[in-house]
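Report on the following structure.
The values are calculated or read from the model by the stated rules, or taken from the named source; none is laboratory data. Keep in mind that this is a model prediction, so the values were computed, not measured. Note: ideal-geometry Cβ built from the backbone for every residue, glycine included; neighbour counts use all protein chains shown. Only protein heavy atoms, including side chains, enter the accessible area calculation; ligands, DNA and RNA are left aside. Shrake-Rupley method; radii C 1.70, N 1.55, O 1.52, S 1.80 Å.
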Amino acid sequence: MSSSSSSAQLKRLKPLYQHVVNNFLVVMAAPLAVAAIVNAARVGPDELLRMARALRPVHVFLAAFVPAAAATLYLMLRPRPVYLVDYACFRTKPNCRVPFATFLEHAKLVTYVEDASIDERSVRFMTRLLERSGLGEETCLPPAHHFIPPYRNLEASRAEVEVVIFNAIDDLLAKTGISPAAIDILVVNCSLFAPIPSFTDMIINKYKMRSDIRNVHLSGMGCSAGLISVGLARNFLQVAPHGAHALVVSTETITPNYYVGKERAMLLPNCLFRMGGAAVLLSTSRAKARFRLSRVVRTLTGAQDSAYRCVFQEEDGEGHRGINLSKDLMTIAGDSLKANITAIGPLVLPASEQLLFALSFIARRVLNRRVKPYLPDFRMAFEHFCIHAGGRAVIDELQRSLGLSDEHVEASRMALHRFGNTSSSSVWYELAYIEAKGRMRPGDRVWMIGFGSGFKCNSAAWECISPARNADGPWADSICRYPVDIPEVLKH
């Protein structure tokens, strides 16, 4: 028998295997229940009544009390479920749009700025990057970057922050109808800009929130910080009164971080990062909830020097500050993803996939390490995937590693094309795309995956309760044009 025919037979048998293993308890319990009923019928009601009267009162008490006490203890100690009430993404403005021609002309003019080191060779390099980046012609940069030279001062940076996060929060408050005074917890993340007063202070002052609100500003945590913020807000909600609300705001401030040097490893962020932000409302009350938070799993590989330095803010030899992206970034991201898969797999995968993974692991350890490891099929655990739109290479690598179809990664590719790399908020633009396309259904499961400096890979699993009723949101004016074909090299 040929290997191809054997493989085909295994594929045909796999659904049966999955059905049996995933319903193991039912398969085993059904015969036992039938046997118990048959035995009871044979004994007869009089004999059963006699056996019941023979039981001592203490046995009856324990039989009733112990299960009830165990159930009560479980309900008291289990974590409270956390729900996503709604979310809103910053809607970019047409006056901030940066087509390729505008971006490259701007970069060429910066070469004439006295304190900039960027040169014609750097511009040609960025041209090649943009052609292969997967970005479209409608991505946006903050107003400060439209000047020659770009403004990178505190005033311009704060102006970008206020435009992005206040617009997102305004949209969220309008959608949910909640008052700012009803928010108990505030968590904000922005990696590269941490002014004094902090982002949380700016929001509290703008919306006149309560003086006892618990607030945290996370900085330096990279593009996966949005999911870290969700996890932190979830933990706060566990100790807050039932029905409390947590506001999570994720963004990245582009204004102070335009790199004007000529180190190639530091020019890539100029080409990929764009304006964006998201505001998310969480609660322990199910009322009006649209998603339930199932899991948040964080993995960190920062103990390794190569992982720690693969995304590193530093100054080049001429004193220009920027983000240095290591050439080993994709390898390190792959290792971090494997660690995260190992952690989240047992929590979300059905028993059939966990069994195959365990058998593969044992075979590699006991028999031969050259045995190909079994990659769990996460499509059995999730219907939708929101992969951080860090760049075309990131999406390609995760699609290959997880065995996903083009449709599974469509939201990530289209978010990268329409909005660029919006850092920690990118997964929310992707969720908005899936909903705007009308693909979300009650009960559907969503896997958000984020990567960030340190190096981190973080995951959040959600279950849909109520999909969006319309396409209103960041895709309202463009969803009809998507998906679009994205060539390997875009010539313009």
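Values computed for the structure shown
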{"quantity": "Residue in the stretch 204-221 that is among the aliphatic types (A, V, I, L, M) and out of contact with any helix residue (DSSP H, G or I) (no Cβ under 7 Å at 6 or more places or on another chain) present", "calculated": "yes"}
{"quantity": "Filtered residue count, the stretch 182-222, keeping only those that are touching a residue at least 40 places away in the same chain (Cβ under 8 Å), at negative phi and part of a helix (DSSP H, G or I)", "calculated": "5"}
{"quantity": "Test: V82 is open to solvent by less than 60 Å² (accessible area, probe 1.4 Å) and closer than 26 Å to D170 by Cα", "calculated": "yes"}
{"quantity": "Flag if S283 is open to solvent by 40 Å² or more (accessible area, probe 1.4 Å), at negative phi and out of contact with any Pro (no Cβ under 8 Å at 6 or more places or on another chain)", "calculated": "no"}
{"quantity": "Failed item, numbered, when H408 is tested on (1) farther than 19 Å from S191 by Cβ; (2) open to solvent by less than 20 Å² (accessible area, probe 1.4 Å); (3) not hydroxyl-bearing (S, T, Y)", "calculated": "(2)"}
{"quantity": "Any hit, the stretch 290-298, residues being more than 30 Å from A244 (Cα to Cα) and open to solvent by less than 20 Å² (accessible area, probe 1.4 Å)", "calculated": "no"}
{"quantity": "Close pairs from the stretch 394-412: first modelled with pLDDT under 95, partner small (G, A, S) and assigned to a helix (DSSP H, G or I), Cβ under 7 Å, at least 6 apart", "calculated": "V394/A333; E397/A333; E397/G334; S401/G334"}
{"quantity": "Members of the stretch 131-152 found to be surrounded by fewer than 19 Cβ atoms within 10 Å (Cβ to Cβ) and part of a helix (DSSP H, G or I), listed by number", "calculated": "E131, P143, H146"}
{"quantity": "Enumerated helices (runs of 4 or more DSSP H) restricted to the stretch 377-492, each holding at least 2 residues that are of a type in the set (S, T, N, Q)", "calculated": "392-402"}
{"quantity": "Some residue of the stretch 256-278 being more than 30 Å from D115 (Cβ to Cβ) and within 21 Å of the chain's Cα centre (by Cα)", "calculated": "yes"}
{"quantity": "Options L232, L218, L227, L268; residue that is within 12 Å of N189 (Cβ to Cβ) and open to solvent by 40 Å² or more (accessible area, probe 1.4 Å)", "calculated": "L232"}
{"quantity": "Test set (1) more than 17 Å from E160 (Cβ to Cβ); (2) touching a Lys or Arg at 6+ places or on another chain (Cβ under 9 Å); (3) open to solvent by less than 20 Å² (accessible area, probe 1.4 Å) - P195 fails condition number", "calculated": "(1)"}
{"quantity": "Residue that is surrounded by the fewest Cβ atoms within 10 Å (Cβ to Cβ), among those in the stretch 347-390 that are under 29 Å from M414 (Cα atoms) and not hydrophobic (A, V, I, L, M, F, W, C)", "calculated": "R379"}
{"quantity": "Residue that is part of a loop (DSSP other than H, G, I, E, B), closer than 30 Å to M266 by Cα, within 22 Å of the chain's Cα centre (by Cα) and at pLDDT below 95, where the choices are G302, G334", "calculated": "G302"}
{"quantity": "Filter result for C480 (of a type in the set (A, V, I, L, M, F, W, C), farther than 20 Å from D86 by Cβ and without any contact (Cβ under 8 Å) to a residue 60 or more places away in the chain)", "calculated": "yes"}
{"quantity": "Qualifying residue in the stretch 153-170 (condition: open to solvent by less than 10 Å² (accessible area, probe 1.4 Å), hydroxyl-bearing (S, T, Y), assigned by the TED database to the domain that holds I228 and part of a loop (DSSP other than H, G, I, E, B))", "calculated": "no"}
